[in-house]
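Encoded as structure tokens, the structure appears first; notes follow it.
The values are calculated or read from the model by the stated rules, or taken from the named source; none is laboratory data. Just so it is clear, the model here is predicted, and its values are computed rather than measured. Counting neighbours? That spans all protein chains shown, and the Cβs are built from the backbone with ideal geometry, glycine included.
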Amino acid sequence: MDRHARIYVAGHRGLVGSAIVRRLQRDGYENLILRTHAEVDLTDERAVRQLFEQEKPEYVFLAAAKVGGIVANNTYPAEFIRDNLAIQTNVIHAAYLNGVKRLLFLGSSCIYPKHAPQPMREKDLLTGPLEPTNRPYAIAKIAGIEMCWSYNRQYGTQYLAAMPTNLYGPGDNYHPTNSHVIPALIRKFHEAKMRGDDTVTVWGTGTPRREFLYSDDMADACVFLMSLPDDRFEALLGSDESATGRFEPPLVNIGVGEDVTIVELAILVAKAVGFKGRIGYDTSKPDGTPRKLMDVAVLHGAGWKATVGLTDGLTAAYRAFKGSSHA
């Protein structure tokens, strides 16, 4: 990507989008196209078309999405599938109509089957049932991957789907019930420390294993992928299965290749926050998928590896939380 290229970051205020913007700005990209939800509702097809026709972006990072943890996914399943399908359909089609050179569609590791072999490879997509607690969101994201694949096949576009593992970092959502596990734990341990509580209770058994990637690392990987030379980028776009017989979606996992149990995570968060009390577990609450570890061989083969360890990342995330309005 040329430093003067017009780059649209959809969802620039979220955890993913804000990290991508920080990375682009740090690297000297000058023509970033940024719009809040109030300025452009991405579920509105007409509004999206007008944005693309007026701004003519050359590159698009599609990071806009309705996201949340287990509680949010269980409470609002209709919104999770409806809004995400609308956002990605509008943006991907507008990108095609306006000649966008490259598009990176951001998804989630929940696209893979609940009992997928570990670590999960790109070719494990569509090989089994999904985790029911976030199936509507996952199906929407799978549809986005298929849409990128279909437009590449039919129109010769260069649309790549990147599936980050569980993310955390500055700009995260710290809602008491609708957030993901790390921001939820940071808030819970922080508030317990402020109140002087002796015990913090964590949802579930603590046995599931999860992989976590610092948001700035994720952004670095995204910009790295979008900046690859043509031959290396095109090699990630998969193939037309009807012609080759091979299942090769335009899909790249973004992760660290290592995971921890929720028990281990809770201990690390407590240490980062400075909570000295006991940690208990409410086994009546759902665990979700038993394990979600990404196979990142494709990304490593392309030349990128994560650099921020979980301990350092949690310390930085807590520092950002304390500086936010949530603390």
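Taking the criterion of being more than 20 Å from the chain's Cα centre (by Cα) and either surrounded by 14 or more Cβ atoms within 10 Å (Cβ to Cβ) or not charged (D, E, K, R) (or both), the residues of the stretch 241-260 that qualify are 242, 243, 244, 245, 247, 248. When we screen 201, 205, 177 for residues that are among the β-branched types (Val, Ile, Thr), modelled with pLDDT of 95 or more and in a loop (DSSP other than H, G, I, E, B), the only hit is 205. Residue under question is residue 204, and the condition is that it be surrounded by fewer than 21 Cβ atoms within 10 Å (Cβ to Cβ) and touching a residue at least 24 places away in the same chain (Cβ under 8 Å); does it hold? Taking the combined requirement at face value, the residue satisfies it. For residue 232, the conditions (1) more than 26 Å from residue 182 (Cα to Cα); (2) modelled with pLDDT of 95 or more; (3) charged (D, E, K, R); (4) not in a helix (DSSP H, G or I) all hold with the exception of (4).
Please indicate, with yes or no, whether at least one residue in the stretch 79-86 is modelled with pLDDT of 95 or more, surrounded by fewer than 20 Cβ atoms within 10 Å (Cβ to Cβ), farther than 29 Å from residue 302 by Cα and basic (Lys, Arg). Yes, the stretch 79-86 has at least one match.
Among the residues of the stretch 1-45, those identified as farther than 17 Å from residue 98 by Cα and part of a helix (DSSP H, G or I) are 15, 16, 17, 18, 19, 20, 21, 22, 23, 24, 25, 26.
Can you tell me which residues in the stretch 107-130 are touching a helix residue (DSSP H, G or I) at 6+ places or on another chain (Cβ under 6 Å) and either without any contact (Cβ under 8 Å) to a residue 24 or more places away in the chain or basic (Lys, Arg) (or both)? Listed by number, the residues that qualify are 116, 130.
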